[in-house]
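Engineer: Mind having a look at this structure? Questions to follow.
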Amino acid sequence: MEVVRQKLFREPDGRGKALPQLLLSSIAFFAWGYIGIVLDGSHLLLVMGIAFGFAGVAELLPPDQRRSAGILRILSVSVIIVFLGLLATNPELII
């Protein structure tokens, strides 16, 4: 449990890790806007965009905001876990 706490509630890594995650988040949102809304496709890209967005914002926080960064990292992982749980009960969501 201590290892998880050290990994999740560590100091934010800064812009070096945040910018690629935020870039991937924006790409996922734009792709979802086209595939999910226009073509009526899967919402997987929306979930990935939200998860990357939470992780990217967590890395942008100041170094003394370890708890807030940890909460955002937990939210990032939780979004993906909840979506996978929904897929397990309702496989039509991936279509």
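The values are calculated or read from the model by the stated rules, or taken from the named source; none is laboratory data. Bear in mind the structure is a predicted one, so any value in this text is a computation, not a measurement. FYI the Cβ positions are ideal-geometry reconstructions off the backbone, even for glycines, and counts take in every protein chain you see.
Engineer: Scan G36, G56, G41, G70 and give me the residue that is in a helix (DSSP H, G or I), surrounded by 15 or more Cβ atoms within 10 Å (Cβ to Cβ) and touching a residue at least 40 places away in the same chain (Cβ under 8 Å).
Structural biologist: G70
Engineer: Suppose we filter L93, L19 for residues that are at pLDDT 90 or above and surrounded by fewer than 17 Cβ atoms within 10 Å (Cβ to Cβ); which single one remains? If you could, list the steps in order and put the result at the bottom.
Structural biologist: Working: L93 fails: at pLDDT 90 or above.
Testing whether each residue is at pLDDT 90 or above and surrounded by fewer than 17 Cβ atoms within 10 Å (Cβ to Cβ) leaves just L19.
Engineer: Taking F30 as meeting all but one of (1) assigned to a helix (DSSP H, G or I); (2) surrounded by 14 or more Cβ atoms within 10 Å (Cβ to Cβ), write down the number of the exception.
Structural biologist: Just one mismatch for F30, condition (2).
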